[in-house]
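A short reminder: the numbers here are calculations on the coordinates, not readings from a lab. The model shown is predicted, which means the values in this text are computed figures rather than measured ones. For neighbour counting, all protein chains shown are included, and Cβ atoms are generated from backbone atoms with ideal geometry for every residue, glycine included.
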């Protein structure tokens, strides 16, 4: 195979040697959130759909893993629910930022740094808004 | 990709030719993901309840079942490409080949299960299960 690496030859230094900045953090966060949703999110999404397709008993067993007997979310439900929605909004915000970068815009240092930081604010605000709406609905 | 010189193999893979194909498809699916996943999250948030009968009746509507299937196609296509790039960046020997193969099986198996489940719920909602 042409791409087999000769282990006697050194690799170029990676994450550890650079001074961290917002754009670098957003880049690796984009990969982490994308990879997380693609694995954990996919498995939960397909599990949810196939439980629904298997009938009310199978669906109740699925829901039981993430809820208390009162029907409200348990700690597992909150960890996956908030984790996946925060991952999605973060990936969405940095993805939209990436569409501008792909078009050749937003490479000025200050503006680039500002939009990198903005993706984190947008993600946190949208996630908080989404969950505030859900909790308000279930309580009211 | 020919078997000629190094430059001969590189030619045609630059931005003007086949090399941009994967990048462009990633952008197309990013655009449809943006619309479809936002639709999915907002629709879920607006549902009156989350029991199986409510969800099945929701999915049984054509304008829910079809966007949901489109979401599976778009999102799974997008994550297949995304994870392919991640594997290509960090795996350099035979583990690359194995992981890329497993990723293809994983994507096709989960997508098929998701679409089959959506169709089954859509076609049997309301009927005794």
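Listing for the model above:
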{"read-out": "Segment A:1-62 - Debye-derived log10 I(q)/I(0), Cα point model, q = 0.14, 0.24 Å⁻¹", "value": "-0.70, -0.97"}
{"read-out": "Volume per residue of the C-alpha convex hull in the protein assembly as shown, rounded to whole Å³", "value": "177"}
{"read-out": "For segment B:6-124: relative contact order, % (alpha-carbon pairs under 8 angstrom, 6 or more apart)", "value": "31"}
{"read-out": "Chain A: relative contact order as a whole-number percent, Cα under 8 Å and 6+ apart", "value": "28"}
{"read-out": "Average partner coverage of A:31-42, which counts Cβ from other chains inside 10 Å", "value": "4"}
{"read-out": "Average Cα contact separation per residue, segment A:4-79, under 8 Å, 6 or more apart, as relative contact order %", "value": "12"}
{"read-out": "Helix-derived mean residue ellipticity, 222 nm - over the protein assembly as shown, DSSP H n ≥ 4, -39500 (n - 2.57), to 500", "value": "-25000 deg cm²/dmol"}
{"read-out": "In Å, descending, principal axis extents of the Cα set of segment B:29-129", "value": "52, 29, 19"}
{"read-out": "Relative exposure of A:66, B:116, judged by other C-beta atoms within 10 Å (fewest first)", "value": "B:116, A:66"}
{"read-out": "Partner chain coverage, peptide A:6-18 - average Cβ within 10 angstrom", "value": "0"}
{"read-out": "Chain A: Cα Rg divided by the 2.2 N^0.38 Å rule of thumb", "value": "1.40"}
{"read-out": "Other protein chain Cβ atoms within 10 Å, averaged over every residue that makes up B:42-52", "value": "3"}
